[in-house]
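No value in this document is a laboratory result; all are computed from the given coordinates. None of these values were measured; they are calculated from a predicted model. Please note: Cβ atoms are built from the backbone with ideal geometry, for glycine as well, and neighbour counts cover all protein chains shown.
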Ligand code: GLV
Ligand code: MN
């Protein structure tokens, strides 16, 4: 009986790890030198060896990108711009387990609290000053925060809410951040709470925040104004 059970377990393990239809929960280590994505819009399927440009067609230029030469689109309300290069926009990153982003902050500009569900972020501040921080789970709800200066690094551990704020009233800040995932994902906390589609039930938010309906509508409108511009 025990032998049958072990054999069954082995069969299940074999099927779940080798079937092309198997659903993978995490990005796999690459099994080849590279897998340059076929095109910028190919689906984010992380099965090694599939959906790559044929190796013979890969060019030197596929490993270079000019994406971060310029800032992304500035949010007027937040005073910040994020320009990411992930496997979706820079095909050479596919299966390599990393990506990168350029972050520009105007004086008093903010990257509001957000999380990356699939990656740790390490930020290099190239210009200016930033007040940065994240909130941990153990110790629970402890804010780790620091003012950093040009040339400094700061690490935001995977999945933890974090922010970056330029406290300077006259000088901009420029940072480059790297992630240990080709597709770190991002969820901005205020948007996830107040502006998801479809919206969260109002009762859920009212009880969570301890506010009445009028106050809740004011908050929702305010968040929508911030993200709509
Ligand atoms: C900054 O934290 C970013 O993820 O762009
Ligand atoms: Mn981040």
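What order do you get for 131-137, 211-217 when each peptide is scored by the mean count of other beta carbon atoms within 10 Å, highest first?
Numbers: 131-137: 16.6, 211-217: 11.9.
For the peptides 131-137, 211-217, the packing ranking is 131-137, 211-217.
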How many nm separate the modelled label positions at residue 33 and residue 59, each set 7 Å beyond the Cα in the direction of the Cβ?
-> 1.8 nm
Using only the Cα atoms of the range 72-227, each taken as one equal point scatterer with no solvent, compute I(q) by the Debye sum, divide by I(0), and report log10 of the ratio at q = 0.13 Å⁻¹.
-> -0.67
Compactness index (Cα Rg / 2.2 N^0.38 Å), the range 70-148 = 1.23
With each pseudo-label sitting 7 Å past Cα toward Cβ, what's the residue 152-residue 171 distance in nm, one decimal?
-> 1.2 nm
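Please work out how much length the chain gains when fully extended from residue 145 to residue 74, using 0.36 nm per residue of separation minus the C-alpha to C-alpha distance, in nm with one decimal. Let's see the in-between values first.
On the way: separation 71, 0.36 × 71 = 25.56 nm, distance 2.46 nm.
Roughly 23.1 nm would be gained on extension.
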Extension gain (nm, one decimal) between residue 66 and residue 221, 0.36 nm per residue minus Cα-Cα | 52.1 nm
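Among 175-181, 79-85, how do they line up by average Cβ neighbours within 10 Å per residue, starting with the highest?
Numbers: 175-181: 20.6, 79-85: 19.0.
Going from most to least packed, we get 175-181, 79-85.
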Check: C-alpha center the range 81-129 vs C-alpha center the range 157-229, spacing in Å is 16 Å
